[in-house]
Amino acid sequence: MKCPYCADLENRVLDSRDVREGDEIRRRRECAGCNRRFTTYERIDEVPVTVVKRDGRRENFDREKLLNGLLRACEKRPVARADLVRVVDTIESAISRREVREMSSEEIGSLVISELRRLDQVAYVRFASVYRRFEDVSQFMDELRHLLRRPNGDSVDD
């Protein structure tokens with residue numbers, strides 16, 4: 001492993017621990033050349049999941065792209081980045097457990113929406129407005145009414 005500070009290839013592992021429910025190993029290392037410490041992550045190299053976009057294009061699933069979308073939805077909201085990383089971990093784990101290695105962007109969007117709804121309702125509506133491609137205010141209001149319904153079906157304004 002090359003040191004990110006001095007590019008020396010000699011280092012030693014100071015600490016190792018499982019992260020992401022055992023799907024990844026975090027290693028704290030110390031460089032033999034400059035004595036600075038850095039962290040690396042190790043995970044199993046899996047067959048990538050292909051995401052089928054709405055226009056038919058295909059691309060590999062990218063957890064960073066998903067995290068960036070969540071960060072935009074949660075901008076100026078009291079949502080910790082660690083919570084968003086957990087959402088991405090949950091979604092990535094659900095995707096990787098599937099036998100089929102191809103998934104539509106709509107299926108991934110549905111997973112994101114269900115997680116965001118539990119995490120932050122404003123972020124949920126922001127994400128849903130883009131994901132569901134609201135064309136006018138009435139669609140937006142319908143989603144808000146649906147969100148405001150209580151579990152027993154009564155709306156908040158009843």
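The values are calculated or read from the model by the stated rules, or taken from the named source; none is laboratory data. All of these numbers come straight from a predicted model, not from anything done at the bench. Methodologically, a virtual Cβ is constructed for each residue, glycine included, from the backbone with ideal geometry; neighbour enumeration extends over all protein chains shown.
Are any residues in segment 96-115 surrounded by fewer than 15 Cβ atoms within 10 Å (Cβ to Cβ), among the hydroxyl-bearing types (Ser, Thr, Tyr) and over 13 Å from the mean Cα position of the chain (by Cα), and if so, which ones?
Once the filter is applied, which keeps residues that are surrounded by fewer than 15 Cβ atoms within 10 Å (Cβ to Cβ), among the hydroxyl-bearing types (Ser, Thr, Tyr) and over 13 Å from the mean Cα position of the chain (by Cα), segment 96-115 yields only SER104.
If you check ASP23, ASP18, ASP83, which single one turns out to be within 30 Å of GLU99 (Cα to Cα) and in the same structural domain as SER96 (by TED's automatic domain parsing)?
ASP83
Taking only pairs six or more apart or across chains, which ones have beta-carbon atoms under 6 Å, a first residue in segment 85-109 that is of a type in the set (A, V, I, L, M, F, W, C), and a second residue that is in a loop (DSSP other than H, G, I, E, B)?
These pairs meet every condition: ILE95/VAL49; MET103/VAL49.
Residue under question is GLU102, and the condition is that it be in contact with a Ser or Thr (Cβ under 6 Å, 6 or more places away or on another chain) and closer than 25 Å to GLU24 by Cα; does it hold?
Values: in contact with a Ser or Thr (Cβ under 6 Å, 6 or more places away or on another chain): yes; closer than 25 Å to GLU24 by Cα: yes.
Taking the combined requirement at face value, the residue satisfies it.
Hey, among ARG77, ARG132, which residue is basic (Lys, Arg) and either at pLDDT 90 or above or in contact with a Gly (Cβ under 7 Å, 6 or more places away or on another chain) (or both)?
Exactly one residue qualifies, and that residue is ARG77.
One residue is enough: does segment 43-61 have a residue meeting the conditions surrounded by fewer than 13 Cβ atoms within 10 Å (Cβ to Cβ) and farther than 25 Å from LEU111 by Cα?
So far as segment 43-61 goes, no, none of its residues is surrounded by fewer than 13 Cβ atoms within 10 Å (Cβ to Cβ) and farther than 25 Å from LEU111 by Cα.
Please go through segment 145-158 and give me each residue that is part of a helix (DSSP H, G or I) and modelled with pLDDT under 70, ordered by number.
Once the filter is applied, which keeps residues that are part of a helix (DSSP H, G or I) and modelled with pLDDT under 70, segment 145-158 yields LEU147, LEU148.
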